[in-house]
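*Asks:* First, the structure itself, so that you have it in front of you.
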Amino acid sequence: MSFVSPLFLWYFLPALLLAVLVLPRTWRNGIIAVGSLIFYASGAGAFTLLLLACMVVNFVVGTALEPNDWALKPKRRRRLVTGVIVFDVAILVIWKYAGFATQQFDYFARLFGGDFPVTHLALPIGISFFTFHHISYVVDIYRGERPALRNPVSFITYIAMFPQLVAGPIVRYREIADQLPQLRSHRLDDIAAGFPRFALGLCKKTIIADSLNPMVEACFSTSPDEMTFGVAWLGAVGYTLQLFFDFSGYSDMAIGLGRMLGFRLPENFARPYSSVTVTEFWRRWHMSLSRWFRDYVYIPLGGNRHGAAKTYRNLCIVFVLTGFWHGANWTFLVWGCYHGALLIIERAFRWDRTPDSRWPRLGRRLLTLVLVVFGWVFFKASDMEHALPMIGHMFLPDFSGLTDVVSAALTNQRLVILLAALVVFVLPAHPVTGPLLESSRSRPAVSLRLGVMTVGLAYAAILVANGTFSPFLYYQF
């Protein structure tokens, strides 16, 4: 079930909100837990059992990790938390990376005249996200930052909450622990505040991201022999916009849904394409993932506290993991290493600081945007054999124009939407649209809210009814 499917929009969501609104407030977590498992099972099927098994293990271990007077000895507690983290990571590695690993073994075996059996496992949706939620839960308890949940319904609500289960934002346990026992006293106000945010995300996804999808696919499916300068840049810029509106749209919908259910989920985007440095870009893009790696990988490794060499090592580790977290493909590893290298270069030459004067700042912003666009080619391409020629053509201007297939995909409607979406490249860093729409009472915010709730929502509903929506891009991760 997708947020942009008629089944979700016209049946599941209204029924769930009605139940949360009219039933006793103390039933909230139970309603959300049951609804979330139904939501997940509708798309994951039997993999719901895998999610439940992981939840049972982490819930039981979590209660044994609290640092109280009856706690286990420090070494035993450390072994216990290490063991459950290894369990969580092993589940992720087996289901997400076993096929990729066996393909590499088979490749090397064939070089020597042999073969290696290749494993083919279907990827459970949302496994990367609920694995990180489980790790956050046990680590925050181990550190004493939050107590363990004794109520399994509350635990299921945190792990399986359907707004963030499949594609985030990644909610660290300490960010939501204090909200789980909350008794809602302003349910209508929450729905009124959250629905415009949800509608904004729906418009981003259906009107912009899905409209650009056919054009982007046509560009990236062009063979290296037929690739041109125009196709390469159109595909790269188009995907840069599509990914932003698709993923930030999902995040807006998730945050809006969470607010309607009485939860404040963390922000995930803050105008990333207005960044002046790549370092700033990672403070604004998929912020919940950046915060997770900072708190549970980078800082435990030592962060930047032990000199430049170890800081660079830690950055390399984080971005190798960031790349592979997105998918079992060499393109994701290259994308992660590419961004890690950019961050190291900025830090080494002190280019991670925003220039004070206007024109240097604009120049750095343009450079950062171009570097990010190049990186998205690796992220999108199916393999390196397609990514490298495409990037090569981006450096070699020619007058070949577009191929017939790409020209057919670039309809007048998509061209208008592409040009309108390009505005995101020149917008100022503040204010961020989502939070402004949700909470501000200023005249621009009221006008935006009115436009989204009338024209935007009506057009998005027509697109959904016509079945023109596509799956969210981050569902594959």
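The values are calculated or read from the model by the stated rules, or taken from the named source; none is laboratory data. The model shown is predicted, which means the values in this text are computed figures rather than measured ones. Every residue, glycine as well, gets a Cβ built from its backbone with ideal geometry; the counts of neighbours run over all protein chains shown. Side chains are part of the model used for accessible areas, which takes the heavy atoms of the whole protein and leaves out ligands, DNA and RNA. Shrake-Rupley method; radii C 1.70, N 1.55, O 1.52, S 1.80 Å.
*Asks:* Diagonalise the Cα gyration tensor of segment 141-294 and give the resulting equivalent ellipsoid semi-axes, square root of 5 times each eigenvalue, largest first, whole Å.
*Replies:* Ellipsoid semi-axes (Å, largest first): 36, 18, 13.
*Asks:* Right, here's the next one. What's the center-to-center distance, using Cα atoms, between segment 4-42 and segment 370-394 in Å?
*Replies:* Between the Cα centre of segment 4-42 and that of segment 370-394, the gap is 41 Å.
*Asks:* OK, next. Along segment 111-123, what does the Karplus equation 6.51 cos²θ - 1.76 cosθ + 1.60 (θ = phi - 60°) give for ³J(HN,Hα), rounded to whole Hz, x for Gly and Pro?
*Replies:* Calculated HN-Hα couplings, in order: 4, 10, x, x, 8, 9, x, 8, 8, 10, 10, 5, 8 Hz.
*Asks:* Rg (Å, one decimal) plus Dmax (Å, integer) for the alpha carbons of segment 190-475?
*Replies:* 19.6, 57
*Asks:* Of the options 466, 409, 432, report the single residue whose Cα projects farthest towards the positive end of the charge dipole of segment 350-477 (beta-carbon charges: Lys, Arg +1; Asp, Glu -1).
*Replies:* Of the listed residues, the answer is 432.
*Asks:* Now a separate question. I'd like the distance between the alpha-carbon centres of segment 396-415 and segment 80-96, rounded to an integer number of Å.
*Replies:* About 46 Å separates the Cα centre of segment 396-415 from the one of segment 80-96.
*Asks:* Based on the Cβ-Cβ distance of residue 304 and residue 384, what FRET efficiency does E = 1/(1 + (r/R0)^6) give at R0 = 35 Å, to the nearest 0.05?
*Replies:* Efficiency, rounded to the nearest 0.05: 0.65.
*Asks:* Run the numbers on the chain and let me know its relative contact order in percent, using alpha-carbon pairs under 8 Å that are six or more apart.
*Replies:* So the answer I get is 19 percent.
*Asks:* Follow-up question, since we're still on this one. ³J(HN,Hα) across segment 36-51 via Karplus (A = 6.51, B = -1.76, C = 1.60, θ = phi - 60°), whole Hz, x for Gly/Pro?
*Replies:* Rounded to whole hertz, the list is 5, 5, 5, 4, 5, 5, 5, x, 9, x, 5, 5, 4, 5, 5, 4.
*Asks:* Next question, about the same structure. So how much slack lies between residue 225 and residue 371, counting 0.36 nm per residue of separation and subtracting their Cα-Cα distance, in nm?
*Replies:* 50.1 nm
*Asks:* Go through 337, 308, 326 and say which Cα lies farthest out towards the positive end of the charge dipole of segment 190-475; charges sit on Cβ, +1 for Lys and Arg, -1 for Asp and Glu.
*Replies:* 308
*Asks:* Using the Cα centre as the reference, give the magnitude of the dipole from point charges on the C-beta atoms of segment 343-477 (Lys, Arg: +1; Asp, Glu: -1; all else neutral), rounded to the nearest 20 debye.
*Replies:* Dipole about the Cα centre, nearest 20: 760 debye.
*Asks:* Same structure again: Starting from the residue with the highest accessible area, list 440, 128 in decreasing order, probe 1.4 Å.
*Replies:* Greatest to least solvent exposure: 440, 128.
*Asks:* What full-extension length gain, to one decimal in nm, is calculated for residue 395 and residue 411 as 0.36 nm per residue of separation minus the Cα-Cα distance?
*Replies:* Using 0.36 nm per residue and subtracting the Cα-Cα distance, I get 3.2 nm.
*Asks:* If you place +1 on the Cβ of every Lys and Arg and -1 on the Cβ of every Asp and Glu, how big does the dipole about the Cα centre of segment 190-475 come out, in debye to the nearest 20?
*Replies:* 1440 debye
*Asks:* To continue, here is another question. In segment 12-121, if the dipole is taken from +1 on Lys/Arg beta carbons and -1 on Asp/Glu beta carbons about the Cα centre, which of 89, 101, 49 is farthest to the positive end?
*Replies:* About the Cα centre, the residue reaching furthest to the positive side is 89.
*Asks:* Contact order normalised by length for segment 26-183, with contacts defined as Cα pairs under 8 Å and 6 or more residues apart; what percent is it?
*Replies:* It comes to 34 percent, rounded to a whole number.
*Asks:* Filter the cross-link list 96/310; 96/204; 73/96 down to pairs whose alpha-carbon distance in this structure exceeds 31 Å.
*Replies:* The pairs that break the limit, which is 31 Å between Cα atoms, are 73/96.
*Asks:* Could you tell me the center-to-center distance, by alpha carbons, between segment 132-165 and segment 218-265 in angstrom?
*Replies:* Centre-to-centre distance over Cα atoms comes out at 30 Å.
*Asks:* So how do 10-21, 353-364 stack up, highest first, on mean other-Cβ count within 10 Å?
*Replies:* My ranking of the peptides, most packed first, is 10-21, 353-364.
*Asks:* Then there is this: Rounded to a whole number, what is D in µm²/s for the chain from Stokes-Einstein with the Kirkwood radius over alpha-carbon pairs (20 °C, 1.002 mPa s)?
*Replies:* Value of D from the Cα-based Kirkwood radius: 90 µm²/s.
*Asks:* With a 10 Å radius around each residue's Cβ, average the other Cβ atoms per peptide and rank 152-161, 35-44, highest first.
*Replies:* 152-161, 35-44
*Asks:* Based on the Cβ-Cβ distance of residue 116 and residue 443, what FRET efficiency does E = 1/(1 + (r/R0)^6) give at R0 = 51 Å, to the nearest 0.05?
*Replies:* Result of the calculation: an efficiency of 0.20.
*Asks:* If we restrict to alpha carbons, what Rg and Dmax does segment 26-183 come to, in Å?
*Replies:* When restricted to Cα atoms, segment 26-183 yields Rg and Dmax of 18.2, 65 Å.
*Asks:* Could you size up the charge dipole of segment 26-183 around its Cα centre, putting +1 on the beta carbon of Lys and Arg and -1 on that of Asp and Glu, and report it in debye to the nearest 20?
*Replies:* Result for segment 26-183 is approximately 460 debye, rounded to the nearest 20.
*Asks:* Per residue of segment 328-338, what does 6.51 cos²θ - 1.76 cosθ + 1.60 with θ = phi - 60° give for ³J(HN,Hα)? Whole Hz please, x for Gly and Pro, Karplus curve as stated.
*Replies:* Couplings: 8, 7, 4, 4, 5, 5, 4, 4, x, 5, 4 Hz.
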